[in-house]
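In what follows, a single structure is set out as structure tokens and then discussed.
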Amino acid sequence: MMNTHPFFRAALVFIAFTALTAPAIARLGETKTEIARRFGKGKTYRSRGGWEQREYPKNGMTTYVVFANDKSIWELTKRNDKKISDSDIQDLLKDASAGGPPFIWHADQKCYLSDNGKVKAGRQPRHDDFFSIMNVEAVTGLEDVSQFVCLGKTANEVAQRYGPGVAAKPREGMEQYEYEKNGYTIQVVFKNGRSVWELFKREDKDVTDEDIVKILTAAGGGFIWDDPAKCFFRDGKRFQAQMEPGHSDFFSIKDTDAIAR
């Protein structure tokens with residue numbers, strides 16, 4: 001017969017409560033099948049370029065897992081009832097590092113790193129209600145901006161490169177759509193049925209100088225920096241590229257002639 005001493009009953013209640021509230025995390029490198037064993041089936045959330053992203057609610061939290069080639073490479077977790085706490089973060093880091101290298105806080109980068117910097121963890125920039133753990137090498141290795149910049153293209157031609165978009169807040173006399181591709185959010189502005197302006201934002205951090213070089217190269221190169229104007233120009237001043245004024249997390253390239261017409 002089960003021992004009914006109050007101490008044992010209290011212990012059982014504590015164990016049951018812990019099982020319900022302990023964080024569950026989809027450890028990097030796991031397959032969808034492995035994650036489903038602990039999280040449940042989950043559901044498709046959205047695609048990020050050629051990646052698959054699934055949503056898993058459990059124990060009062062929701063974790064969004066990004067997969068590449070059926071391996072998890074990026075997890076973003078938030079609490080369903082309030083902003084994720086420092087205590088939650090420590091629990092997630094402890095679980096994520098189980099059996100592997102510990103996470104070390106790097107104040108200069110404002111994030112945790114493990115495995116010689118291969119895995120990065122921290123509150124998500126511009127979305128600090130999310131806590132992110134990513135395989136930096138895997139995410140960076142899949143980033144490809146070679147298809148970026150579709151100025152002068154129709155909406156159908158843009159969709160062939162970026163996938164389906166969603167309507168965003170229009171600009172005066174112009175339409176605007178938002179796309180997700182290879183870890184970037186891309187806003188494309190159309191005028192008279194053609195793309196005239198593209199704005200690029202990374203989903204994990206601010207756009208870097210290296211990102212800008214890649215985007216300008218994808219746009220065909222030939223851009224010259226104009227220090228007084230604090231932007232790049234090409235073909236005289238027809239094409240203008242810069243960090244977007246008032247939105248320094250966006251880098252934009254626009255056809256000023258087409259916009260003015």
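Here are the numbers:
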item	result
Unit charges on C-beta of K, R, D, E only; dipole of the chain, Debye	740
Leading residue at positive end of dipole, the chain (Cβ point charges), from Asn80, Ile104, Gln124	Asn80
Degrees between helix 86-96 axis and first principal axis of the chain (Cα, 0 to 90, nearest 10)	80
Burial order of peptide ranges 249-256, 204-211 (average beta-carbon count within 10 Å, highest first)	249-256, 204-211
Compactness of region 22-134 - radius of gyration and Dmax, Cα, Å	13.2, 38
Residue (of His247, Trp197, Ala229) at the positive-pole extreme of region 189-261, dipole from beta-carbon charges	Trp197
GNM top mover of Pro228, Pro245, Pro102 - the chain, alpha-carbon springs below 10 Å	Pro228
Relative contact order of the chain, pairs being alpha-carbon contacts under 8 Å that are 6 or more residues apart, as %	11
Solvent-free Debye scattering, log10 I(q)/I(0), computed from the Cα coordinates of the chain at q = 0.07, 0.09, 0.12, 0.16 Å⁻¹	-0.33, -0.51, -0.81, -1.20
Å² per residue, accessible surface of region 98-168 at 1.4 Å	56
Filter on Lys43/Lys201; Lys82/Lys120; Lys78/Lys120 - keep pairs with C-alpha separation over 21 Å	Lys43/Lys201; Lys82/Lys120
Gaussian network model of the chain, Cα within-10 Å springs - most flexible of Val213, Val149, Val66	Val213
Accessible area expressed per residue, region 198-256, with surrounding protein chains retained (probe 1.4 Å, Å²)	49
Value of relative contact order over region 50-174, rounded to a whole percent, pairs C-alpha under 8 Å and six or more apart	16
Segment Asn59-Lys118, length gained on full extension (0.36 nm per residue, minus Cα span)	18.4 nm
Accessible surface of the chain, 1.4 Å probe, proportion on carbon and sulfur as whole %	53
Within region 55-178: Cβ-based charge dipole about Cα centre, in debye rounded to nearest 20 (Lys, Arg +1; Asp, Glu -1)	160
Calculated FRET value between Ala159 and Arg38, using beta carbons and R₀ = 41 Å, to 0.05	0.65
Leading residue at positive end of dipole, region 19-175 (Cβ point charges), from Gln90, Gly40, Ser146	Gly40
Cleavage-rule hits (GluC sites (Glu not before Pro)) in region 74-159: DSSP loop, at most 16 neighbouring Cβ within 10 angstrom	Glu143
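The values are calculated or read from the model by the stated rules, or taken from the named source; none is laboratory data. As the structure is a prediction and not an experimental result, all values here were calculated from the model. Reconstructed Cβ throughout: ideal geometry from the backbone, glycine too, with neighbour counts over all protein chains shown. Ligands, DNA and RNA are excluded from the accessible area calculation, which covers all protein heavy atoms including side chains. Shrake-Rupley method; radii C 1.70, N 1.55, O 1.52, S 1.80 Å.
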